[in-house]
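What follows is a single structure, written as structure tokens, with notes after it.
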Amino acid sequence: MKPAASILLLTTLTGFAYGLLAWIGLYGVAGASGAAKTLVLAGTGIVLVLATLGLIASALHLGRKERAWRAISQWRSSWLSREGLAALLTYPIVLGYAWVEYRAGSTVQARLLGAAATLAALATVYCTAMIYASLKPIRQWHNPHTAPDYLIYALFSGATLLALLRTIVFGTAGWAALLAAFGALGALIAKLAYWRHVDAQSPLATLASAIGLAKGTEARPLDAPHFSENFILREMGFQIARRHAGKLRRIALALGFGLPLLLSVLAALDVLPLLSTSLAVACAALGLLTERWLFFAQATHVAALYYGRSI
Amino acid sequence: MTQVAKPAPGARKLGLVIDLDTCVGCHACAVNCKEWNTGGEAGRLPDYDPYGSEPDGVWFNRIHSYESGADGLARTVNFPRSCLHCENPLCVTVCPTGASFKRAEDGIVLINTDICIGCKLCSWACPYGAREFDETNGVMRKCTLCVDRIYDQTLPEAEREPACVATCPAKARHFGDLADPQSKVSQLVSERGGVDLLADLGYRPTNKYLPPRQAQIPSTPREAPARSGSGVGAALLKLLDKALSR
């Protein structure tokens, strides 16, 4: 599948945003006071900026951007529609939560809105993941790993942001750095398990079954319908840089999860906390973008079979 | 609506039956499809760089040729590929706007290009590669089963069939109601063992393909053309061949 820059940016940015919101909401549930209130207010601001940037990136992917508002109408069947709706519903919740924290904090409203913010954040990420997990023709997406993985990456990237934020507000990352370290470890294990799973899968179909020949019949492409590339081949038959996949996987592992794990442990030990948490965020962002690129570039679509591609 | 409405009792299931045994792979159906749909109600079907080195564009129907079997029973299978108007169309349910829909009265899957946002998700959901993105208009396009032709009362009745069916010189394409067991297309499917493509994926396509008949007479492979051997004799012959070829 073609890794469109707009979609890579969307899913990575919203992962950071809603991951951070999921953690920030818990402050309200626990009852934030004093400097923690500052952290909640700064956090919700960052969430709004990142999520909005992500949504703008996603709109850039559309052929008719001016019609984007129509995308929230089919929530009863479409995960894309549900994602849009969940993302929009999160705005008033975040704003309400920030307002209540700003006015009072540690009230029943703050607890309720904090819990609502956490749930809305997780629900939005889940909807994003289900867009991919529900697509039957793509075996690398339509599997039990996709939805939990997106949640894990979001919570991990959000935790790296939280650790940075906490360092800025309190001068030390404290438990937030441990959270980020455990997040990195969880994300690392999830990614390895995902690769193990998809590498062991067998193709969803054979060319014979795609063209209606009896099972076991051998079929080979003879003539393609057209000499040049078309939409189907560009979108569903993406093959560029597949040969670098092994190297890119190692880069994603090291940059996305390994280094943030190490840096978060350093931050937890109070070794240059501002530098280590900032670097952890930067590494996680680059690593997750690489991981997301691979998630698309290594996904194969059944329709590519018609062009003799292996899936 | 994006949700697939339950077909009304007695509703028709319009679709195509394509005979892979008689299809000669001439691309006439694809050409006539392009011709009709670029001028018909569906509006222009764009071409990009049509006279350049990398011509590209939107087609509702594309013809592949494959080779199947081995040795004396190997054969060419020409395979026209277009929307199958599935009964379980994931392309419809994933659509966030409701632009993609399946008609309750006859099962035709269509796109309302006036509200399509061009997110391309439907093309990802289709395992048959039947939906293509229209770069010029920023929307998705697909086979309409010539809905603007099959119901056109101003056309003579015999012409109220999809353009691809009307033009097929090998009569390999058949159009009709697959919900009616007595229809010509349903009869063909039951007689010839018509199949669903990628049946395991569960899309339940309406269009059926009639598999190629089993070859009755194995054709013996042609004798390999004589190749020149080695040695002095062969070298002399090569020289002679060169001289004679001048």
Self-check item: Sites A:H244 and B:D152 - FRET efficiency at Förster radius 51 Å, r taken between beta-carbons, to 0.05
Solution: 0.45
Quiz item: In degrees between 0 and 90, to the nearest 10, how far off the longest principal axis of chain A does helix A:108-133 point, with axes built from Cα atoms?
Solution: 10 degrees
Self-check item: Per-selection metrics, chain A (Cα): Rg and Dmax in Å
Solution: 21.4, 72
Exercise. Would you mind putting B:167-174, A:148-155, A:73-80 in packing order, based on average other-beta-carbon counts within 10 Å, highest first?
Key: A:148-155, A:73-80, B:167-174
Quiz prompt | Extent along principal axes [Cα atoms of the protein assembly as shown; Å; largest to smallest] | solution = 93, 77, 41
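Would you work out the relative contact order for chain A, in percent, from Cα pairs under 8 angstrom that are 6 or more residues apart?
Value for chain A: 24 percent.
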Quiz item: What residues have an amide H closer than 5 Å to that of B:V139, excluding those fewer than 5 places away on the same chain, when H is modeled at 1.01 Å from N in the peptide plane?
Solution: B:D134
Quiz prompt | Cβ-Cβ FRET estimate between A:L26 and B:N88, R0 fixed at 41 Å, reported to 0.05 | solution = 0.50
Self-check item: Whether region B:83-133 is rounded, prolate or oblate, judged on the alpha carbon gyration tensor where a/c under 1.5 counts as rounded
Solution: oblate
Exercise. Please give the residues of region B:89-103, grouped as numeric ranges, whose backbone N is less than 13 Å from a label point set 7 Å along the Cα-to-Cβ vector of B:A11.
Key: B:89, B:101-103
Practice problem: Please report, in cubic angstrom per residue, the volume enclosed by the convex hull of the alpha-carbon atoms of region A:1-138. | Solution: 104 Å³
Quiz item: To the nearest Å, what is the center-to-center distance of region A:164-204 and region A:108-157, using C-alpha atoms only?
Solution: 15 Å
Quiz prompt | Computed over region B:45-199: relative contact order in percent, which uses C-alpha pairs under 8 Å that are six or more apart | solution = 15 percent
Practice problem: Report the label-to-label distance for A:L53 and B:D200 in nanometres (one decimal), using points 7 Å from each Cα along the Cα→Cβ vector. | Solution: 4.4 nm
Quiz item: If one takes the longest principal axis of the Cα atoms in chain A, at what angle in degrees, from 0 to 90 and to the nearest 10, does the Cα axis of helix A:175-200 lie?
Solution: 10 degrees
Quiz item: Past the 31 Å Cα-Cα mark, which pairs from B:K13/B:K34; A:K2/A:K191; A:K136/B:K184; A:K65/B:K208?
Solution: A:K136/B:K184; A:K65/B:K208
Practice problem: Determine the shielding of peptide A:56-69 by partner chains: average, over its residues, the number of Cβ atoms on other chains within 10 angstrom of each Cβ. | Solution: 4
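Restricting to chain B, what percent of DSSP beta bridges are antiparallel, rounded to 5? Spell out each step's value before the answer.
On the way: 21 of 24 bridges.
Within chain B, antiparallel bridges account for around 90 percent of the total.
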Quiz prompt | region B:69-189 shape via C-alpha gyration tensor axes, a/c threshold 1.5 | solution = oblate
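If packing is taken as the average number of other Cβ atoms within 10 Å across a peptide's residues, how do A:31-44, B:13-26 rank, most packed first?
B:13-26, A:31-44
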Quiz item: Seen from all sides and averaged, what is the projected area of the convex hull of the Cα atoms in region B:11-129, in nm²?
Solution: 10.0 nm²
Quiz item: Relative contact order for region B:1-87: what is it in percent, counting Cα pairs under 8 Å that are at least 6 residues apart?
Solution: 27 percent
Practice problem: For A:A219, list long-range residues whose amide hydrogen, built 1.01 Å from N in the peptide plane, is under 5 Å from its own amide hydrogen. | Solution: A:A208
Quiz item: If Lys and Arg each add +1 and Asp and Glu each add -1, what is the summed charge of the other residues whose beta carbon sits under 12 Å from the beta carbon of B:P96?
Solution: +4
Quiz item: What is the antiparallel percent of DSSP beta bridges lying wholly in the protein assembly as shown, to the nearest 5?
Solution: 90 percent
Quiz item: Rg and Dmax of region B:134-221, Cα atoms, in Å?
Solution: 16.9, 53
Self-check item: Sequence-distant residues sharing a close amide H with B:N112 (under 5 Å, placed H)
Solution: B:S100, B:F101
Quiz prompt | Helix A:79-103 vs. chain A, principal-axis angle (Cα, 0 to 90°, nearest 10) | solution = 10 degrees
Quiz item: To the nearest 0.05, what FRET efficiency results for B:D114 and B:L236 with a Förster distance of 56 Å applied to their C-beta separation?
Solution: 0.15
Practice problem: Please give, to one decimal in nm, the separation of the simple spin-label points placed at A:R220 and A:L286, each 7 Å out from Cα toward the Cβ. | Solution: 4.6 nm
Quiz item: Other chains' Cβ within 10 Å of B:194-206 residues: what's the mean?
Solution: 3
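Read-outs: derived from the displayed coordinates by stated rules, not from any lab. Since we're looking at a predicted model, the values are computed, not measured. Don't worry about glycine lacking a Cβ; one is built from the backbone with ideal geometry, like all the others, and counts go over all protein chains shown.
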